[in-house]
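Peer 1: I have a structure here, written as structure tokens, and I will follow up with some questions on it.
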Amino acid sequence: MELLGTVVVLTIKSLIFIIGMFLGAAYLTLLERKFAGHVQQRPGPLHVGPHGFLQPIADALKVLTKEDLVPDSVDKVLFYLASLMAFVPAIMILAVVPFGDPFTIFGVEIKPYITDLNVGLLLALAFGSISIYGVIFAGWASNSKYPMIGGLRKAAVLIGYEVALGFALVGPIMMAGSFSLREIVEAQQNMWFIIPNILAFVVVIFCILAETGRTPFDVQEAEAELVGGYVTEYTGMKFGLFPLAEWYIATFVLSAITVILFFGGWNPLPLMGWLPIPAFVWFFIKVFLLFMFFLWVHWTLPRYRVDQITELAWKVMLPLALANIFIVAIWIIIFG
Amino acid sequence: MAIKHNNGIILTTVEEVLSWGRRNSLWPASVGLACCAIEMMHTAASRFDTDRLGIIFRGSPRQSDVLIVAGTVVNKVAPMLKLIYDQMPDPKWVISMGGCSSAGGPFPTYATLQGVDRIIPVDVYVPGCPPTPQALLWGIMELQKKIKAKKEGKLWEEIPVREVPTASQPIKEKSPLGF
Amino acid sequence: MQLWIDNQKLETVSERFENINIQKSENFTSIQVEKNQLIQLLKFLKEDLGFKMFIDFFCVDYPLHNPRFQGIYLLFNPDERQRVAVKCWAEGDSLPTITSLWKGAKWAEREAWDMFGVKFEGHENLVRMFLWEGYKYHPLRKDFPLRGIEDTYLPSLNLRPDEKPAHNYSPYHTVLPTMEDLERTQKARIQKKNQIVLNWGPLHPGTHGTIWFLFDMEGEYVKECDIVLGQLHRGVEKIAENLTYTQFIPYTDRMDYISALCSQVAYVNAVEKVLGVEPPEKAKYIRTMMCELQRINSHLLWLGTFALDLGALTIFLYTFREREKIMDIIEGIAGIRLNSTYIRIGGVAKDLPEGALDVITHFINDFPEKLEEYETILTTNRIWLRRNVDLGIINEEDVYSYGLTGVVARSAGVPYDIRMIQPTDAYDRVDFEVPLGRVGDCYDRYLLRMEEMRQSLNIIKQCVEKLKGMEGEKYIATDNPYVLPTLNEVFNSIESMVKDFNLRIYGEQVPEGEVYLSGENPRGELGFYINSKGEGRPYRMRIRSGAFYNLQIFTELIKGRTVADAVVLLGSLDPVVGETDR
Amino acid sequence: MVKIKYIDRPGLTNRERVFFVDFIKGMRITLKNLLRKTVTTYYPFEKLTPPKRFRGTHAHRVKNGKEPPSFKVLEKFMDIKEGESRCVACYMCQQACPVPELFKIEAVQTPEGKKRVTRFDMNLLNCMYCGLCTEACPVDCLIMTDIYETASYHRAGTVLHLDDMARRAVDFDSRRFDEPDRIWIDDQERSKLWGQIKWS
């Protein structure tokens, strides 16, 4: 009976998370377009609904009812699989991301996370990496030159940043002594991990930009070079899933993980703990700010070349991540 | 195609909603051929900002709904333009921007295609050399009207031929749902 | 300012070579030579007399003459600033190739083959330049009609059943290539030797229009490259032969559509030279001012698309914001935003309207701040530096060999600026600096263009000051018999009306002769060679396009580089297809 | 005087490199622009008024008593009533046009021995809007208006005819004939992009 209850609760929670994420991602597109618009002194979507509020709905309707073209020459199985492989793992990371402390409403304890795995961070990393294969598959399955180059570029970038990312996350883990994201947050009640881990933070920002394919690392879909990169041959919703997964869901989820690792998760800002703001609101404010930061970077900087990214990853970011481990180790010896 | 001739209330509503989605999210393929491409870029840029109307330019024809043929189509590029058109998924529309692509324009020569409608069907012709961004936006809105009219069960041949207008005033009433 | 070869050098030439025929005139000096001596003469000019820079090569068709085609080579001596033309009849419809002397002749010779059917002995790969393999005709021959030969049934696909087509409609059309033809065109250019042959373009967001690049690639590295042009070949040179001189002005806009006014000024100056028309002082200043506005406009478009290609999307919209302002100014003065048709033979079409100078003053006060913003985002950005520095280095030797002009030449440290060496309009009366680069890479070209925008602002400022004191002066020299009268004169005097009728119907009866004159377009030297037989229409008009020659070096620079570098290189060379293809 | 100068190549100092000064500076610019007002004209709801010199669709001025002297001379040979197009069928516009086939002008001889224009078609799809035809018109008949919204669903819809050209000139003149020859009207839409201009 208890098992059944857990299953029901989990199912409901998962549904809420997935549907919420879908809608959220749809509106994140609007957010990005609005932000980009105002950065460029134009309003962005405006006339479809009040202030363009119905724009994502219109886009979704359009994309969903578009003819689903599958070119003759593609590898059909991989072609379909690729879009799912990019999208599903990005959503699955959500399973281990906690959005706040458990709280009680009407006597029911609600845990604002799906599960609290003790290897949550590792799982997140693993899923993050799997979703990249979607991109590579897409490039391969399209059987066309531009997607192929796009996919291979992404593979090259992947090899570069994955290593650095792994080492960069060691710092916070060492300080918290746990892989569980919830425990990492709880360990930051007094001081955020950004303090000694500043180098790791730089590395993580680099890796997230690379993983989500935002400028300056958007080599895989550089429009001027590769038309649409790996998505060139995709139409309709199969196409829609890629940017949704990469640019919005993955960016959002990875922002959440970064907040958890370096900015104290749902802990309130220093000296502002007395404010009557619920924990998950704090969390969302932080994630939102970080997400905006990524947008800000995206709409400002030019793009690196792919070999320069790998060079940067191996020659700069990896040593930085290692140095960070060293610093954190000394920090722990001295303070704690 | 059964849906097309069905006038049941539910289907009509669905059609209405779909048509609304389509005309408010027209993504053009960014195929710039000549001078008109510059004005097309200006239409997308800050001063006129097609993004307001949900129009964003896509690099790949596979993800676009409308092909804005901006500039002179010469004989040599015509087969490739046809290929681009064939690569676009249905439903798709074509705006022929400027005189050159509509009818050869001022280049009645051996090298120029005398009208892109000889290789692909065109929905809206926008005269001008090049048309100003406002003229192109007007053309895009004509296309939106056409998509709307199609939803109402009219074949496009039945839409009355618009007389060449005198100057038009800005639209005063904003529809809350867009166009 | 005279730019043609001096008598002393001509004497040296006539001592060395027999059977040469020297034609000397104010605007054009040519040496006619037998075919068997051509290479020796060119070599002599290049090595001994210092005419080491290749400017242009083209053919002229004389159907009644035997041999029928005449090739004309234009060379330039950068040290003494002199030009010379070498003419040679193509006996047996063929000429020796000069690609061993100047690499830049490769495309020009291909073009001559394409347009006239003149063969070149020893050319490494003589294929069609603009049209496709399998095209049967050579369109610039005098016996080929402008309309082409209509042979394909190609009716409009969306005529309504009851609709009468527009009145000049014919269901027959000139021949279109098939995909197989295009494939053959591609195969003729490049053979697959490495992993893949990438067709970069022609309808591709990154290729600045419709240039079609063929990359033979090993991984992402380009090993071999060739460029197929002609995706915007509209037959402008052929059109020019069928129109009067005034009627051709709008077409100059549509060649280099980003710098329409500069093209107009270059063309009109050439026509004025051959007609002997002197525009009034005010017109000269207006022209100079408009040209420089257009130069800023053009460089802004370059900056925007260059940044867009490198991923900095926002710069693109910022530059377009400023472009809108310049377009507004041009629209207010000339009537149309882009292809303005504002310059006329003998002056400009209309006087400056009220308030024009105020608006321009507002713009020049406002613009430096914006320019500063672009520079802050880009100039010292580490990514920008990584992508640009030491990429695509051009040296002085390349400049002469390929006939590079404009910013591309100046980035290599060659002070080749037409505004300086042959000032037209008011350029000899304004102060400005010609920036030169030291390294010759993409970063230098970027910096040069940014600096040129500042210099242009400076010139505009001086012109505005000057024009403020010129209110009410004449803006077009209508007392000259070759200049069309203004509307007001036509309305009020019957003589002007008759003159207007005559000039419109018969065209400007240009005296017989040849002229080559060029202007400094934002993309390089835009030269007009006009061959007049004393009629109202030119017998042959050759347009020497800067972008055409500048683009040619791309195939060399890209070797061993990646596709990602290709966008940077292409952006820094800044071709406009309308001008390369004409 | 023209001078030659070599440009400097700015670089990045090590301190700037370590602290990401280049990125921060750039991002400050985008932030600054984020806080600026938008420059967008909301097209169907706000329209930019073209300047008076704007070369839009063609139109025919009508006989309304404001004709230039040249018209008075040519009028004798013509059968034109008050309020009709001034066109005297001199074909100068067609002569001046680089693409003459876009015009189709026909005139007939009336029994009184006068000329009457029966057809004046212009195919806008072949037009370059270069204005050479308006400059050639000796009677101030053919003008270019500020109308640009001419998109049509079919080719024939872009051909101008004699009567609607006259109608549109009446409309254009009623709105803008008396406007001074200014660069543009400084209205709200214009100032969105330009800000405040100091007029002399």
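Peer 1: At 0.890 mPa s and 25 °C, plugging the Kirkwood radius over alpha-carbon pairs of segment A:7-117 into Stokes-Einstein gives what diffusion coefficient in µm²/s?
Peer 2: 142
Peer 1: Which of rounded, prolate, oblate describes chain C, given a ≥ b ≥ c as roots of the alpha-carbon gyration tensor eigenvalues and a/c under 1.5 marking rounded, otherwise prolate only if a/b is larger than b/c?
Peer 2: Rounded shape, in that the Cα axes give a/c under 1.5.
Peer 1: Another question about this same structure. Along the positive direction of the dipole of segment A:111-183 (beta-carbon charges: Lys, Arg +1; Asp, Glu -1; about the Cα centre), which of A:VAL170, A:ALA141, A:ALA156 reaches farthest?
Peer 2: Checked the options; the winner is A:ALA141.
Peer 1: Another question, then. List the chymotrypsin sites (Phe, Trp or Tyr not before Pro) within segment D:13-44 that DSSP assigns to loop and that have no more than 15 neighbouring Cβ atoms inside 10 Å.
Peer 2: Loop-located and lightly packed - D:PHE19, D:PHE20.
Peer 1: Arranged by the count of other C-beta atoms within 10 angstrom, fewest first, what order do A:ILE285, C:ILE98 take?
Peer 2: Going from sparsest to densest Cβ surroundings: A:ILE285, C:ILE98.
Peer 1: Taking the 0 to 90 degree range and rounding to the nearest ten, how far is the long axis of helix D:21-35 tilted relative to the main principal axis of chain D, both from C-alpha atoms?
Peer 2: 40
Peer 1: At what distance in nm do the modelled label points of D:ASP164 and C:ASN242 sit from each other, each positioned 7 Å from its Cα along Cα→Cβ?
Peer 2: 2.9
Peer 1: Which whole DSSP H helices in chain C pass both tests: a Cα extent of 24 Å or more along the axis and a mean Kyte-Doolittle value no lower than -0.5?
Peer 2: What comes out of the filter, once short or polar helices are dropped, is C:281-309, C:313-334, C:356-378.
Peer 1: Determine the gain in length on full extension of the stretch C:ASP6-C:GLU218; use 0.36 nm per residue of separation and subtract their C-alpha separation, reporting nm with one decimal. Could the numbers behind the result be given before it?
Peer 2: On the way: separation 212, 0.36 × 212 = 76.32 nm, distance 5.12 nm.
Extending this stretch completely gives an extra 71.2 nm.
Peer 1: Averaged across C:139-148, how many Cβ atoms of other chains sit within 10 Å of each residue's Cβ atom? Working shown, then result.
Peer 2: Working: counts 3, 1, 0, 0, 0, 1, 2, 4, 4, 7.
Mean shielding count: 2.
Peer 1: Can you give me the three principal axis dimensions of segment A:1-65 from its C-alpha atoms, in Å, biggest first?
Peer 2: Taking max minus min along each principal axis of the Cα atoms, segment A:1-65 gives 58, 28, 18 Å.
Peer 1: Hey, got the average number of other protein chain Cβ atoms within 10 angstrom for residues in D:183-192?
Peer 2: Taking the mean over all residues of the peptide, I get 3.
Peer 1: Something else now. Would you list which lysines come within 24 Å of D:LYS25, measuring only between C-alpha atoms, while excluding same-chain residues fewer than 8 positions from it?
Peer 2: Within the straight-line cut-off, D:LYS25 pairs with A:LYS34, A:LYS286, C:LYS370, D:LYS37.
Peer 1: Follow-up. Please sort C:316-328, C:117-129, A:12-24 by packing, taking for each peptide the average over its residues of neighbouring beta carbons within 10 angstrom, highest first.
Peer 2: Going from most to least packed, we get C:316-328, C:117-129, A:12-24.
Peer 1: Pull out the extension gain between C:GLU471 and C:LYS136, defined as 0.36 nm times the separation in residues minus the alpha carbon to alpha carbon distance; nm, one decimal.
Peer 2: Gain on stretching C:GLU471 to C:LYS136: 114.9 nm.
Peer 1: Taking 7 Å along the Cα-to-C-beta vector as the label spot, tell me the C:ARG16-C:ARG454 distance in nanometres, rounded to one decimal.
Peer 2: Reported label-point gap for C:ARG16 and C:ARG454 is 4.3 nm.
Peer 1: What FRET efficiency would be calculated for the residue pair B:LYS172, D:ILE185, taking the C-beta separation as r and a Förster radius of 25 Å, to the nearest 0.05?
Peer 2: Efficiency, rounded to the nearest 0.05: 0.80.
Peer 1: Please label the shape of segment C:198-337 as rounded, prolate or oblate, based on the square roots a ≥ b ≥ c of the eigenvalues of the alpha-carbon gyration tensor (a/c under 1.5 means rounded; beyond that, a/b larger than b/c means prolate, else oblate).
Peer 2: Since a/c reaches 1.5 but b/c is at least a/b, the shape of segment C:198-337 is classed as oblate.
Peer 1: In whole angstrom, and with the biggest value first, how far do the Cα coordinates of the protein assembly as shown range along each principal axis?
Peer 2: Principal extents (Cα only, largest first): 106, 77, 62 Å.
Peer 1: Once you place label points 7 Å from the Cα toward the Cβ at D:LYS32 and C:ASP151, how far apart are they in nm?
Peer 2: Taking the simple label geometry, D:LYS32 and C:ASP151 are separated by 6.3 nm.
Peer 1: Then there's this: Provide the convex hull volume over Cα atoms per residue for segment A:67-335, in Å³.
Peer 2: Per-residue hull volume (Cα only) is 137 Å³.
Peer 1: Separate question: Would you work out which of C:LEU232, D:TYR42, D:MET92 lies farthest towards the positive end of the dipole of the protein assembly as shown, given +1 charges on the beta-carbon of Lys and Arg and -1 on that of Asp and Glu, about the Cα centre?
Peer 2: Working it through, the farthest residue towards the positive pole turns out to be D:TYR42.
Peer 1: Beyond 21 Å between alpha-carbons counts as too far, so tell me which of C:LYS282/C:LYS499; D:LYS72/D:LYS115; D:LYS63/D:LYS115; B:LYS76/D:LYS104; C:LYS24/C:LYS533; C:LYS284/C:LYS468 fall in that bin.
Peer 2: C:LYS282/C:LYS499; B:LYS76/D:LYS104
Peer 1: Place a point 7 Å from the Cα of C:GLN191 along the Cα-to-Cβ direction; which residues of segment C:212-242 have their backbone N under 17 Å from it?
Peer 2: Of the residues in segment C:212-242, C:215-217, C:223-226 have backbone N under 17 Å from the label point off C:GLN191.
Peer 1: Round to the nearest 0.05 the FRET efficiency obtained for C:TYR62 and D:GLU101 when R0 = 35 Å and r is the Cβ-Cβ distance.
Peer 2: Details: r = 29 Å, r/R0 = 0.84.
Here the calculated transfer efficiency is 0.75.
Peer 1: Let me know the shape class of segment A:76-190, please: from the alpha-carbon gyration tensor, a ≥ b ≥ c as square roots of the eigenvalues, rounded when a/c is under 1.5, otherwise prolate if a/b is greater than b/c, or oblate.
Peer 2: oblate
Peer 1: First measure r as the distance between the Cβ atoms of D:ARG9 and A:ILE332, then evaluate 1/(1 + (r/R0)^6) with R0 = 30 Å and state the FRET efficiency to the nearest 0.05.
Peer 2: Efficiency, rounded to the nearest 0.05: 0.05.
Peer 1: Let me ask something additional. Order of C:368-375, C:284-291, D:11-18, C:528-535 by packing, highest average Cβ count within 10 Å first?
Peer 2: Ranked by mean Cβ neighbours within 10 Å, highest first: C:284-291, C:528-535, C:368-375, D:11-18.
Peer 1: What does the charge count around A:ILE110 come to, taking other residues whose C-beta lies under 15 Å from its C-beta (Lys +1, Arg +1, Asp -1, Glu -1)?
Peer 2: Value of the local net charge: 0.
Peer 1: Take each of the peptides B:117-130, C:454-467, C:174-187, average the number of other beta-carbon atoms within 10 Å over its residues, and list them starting from the highest.
Peer 2: B:117-130, C:454-467, C:174-187
Peer 1: By counting other Cβ atoms within 10 Å of each Cβ, how are A:TRP274, C:TRP102, A:TRP314, D:TRP194 ranked from fewest to most?
Peer 2: Details: A:TRP274 7, C:TRP102 22, A:TRP314 15, D:TRP194 18.
Neighbour counts put them in this order, fewest first: A:TRP274, A:TRP314, D:TRP194, C:TRP102.
Peer 1: Further, regarding this structure: How crowded by other chains is A:141-151, given as the mean number of beta carbons from other chains within 10 Å of each beta carbon? Can you show the working numbers first?
Peer 2: On the way: counts 0, 1, 0, 0, 7, 7, 1, 2, 8, 0, 0.
Partner-chain Cβ atoms within 10 Å, mean over residues of A:141-151: 2.
Peer 1: Moving on. Evaluate the charge dipole of the protein assembly as shown about its Cα centre and quote only its size in Debye, nearest 20, assuming +1 on the Cβ of each Lys and Arg and -1 on the Cβ of each Asp and Glu. It would help to have the intermediate numbers written out before the result.
Peer 2: On the way: 141 positive and 150 negative charges, 250 e Å.
About 1200 debye.
Any read-out appearing in this document is the output of simple, stated calculations on the displayed coordinates, not a laboratory observation. On a predicted model such as this, the values are computed, not experimentally measured, just so you know. So basically every Cβ, Gly included, is an ideal-geometry build from the backbone, and we count neighbours across all protein chains shown.
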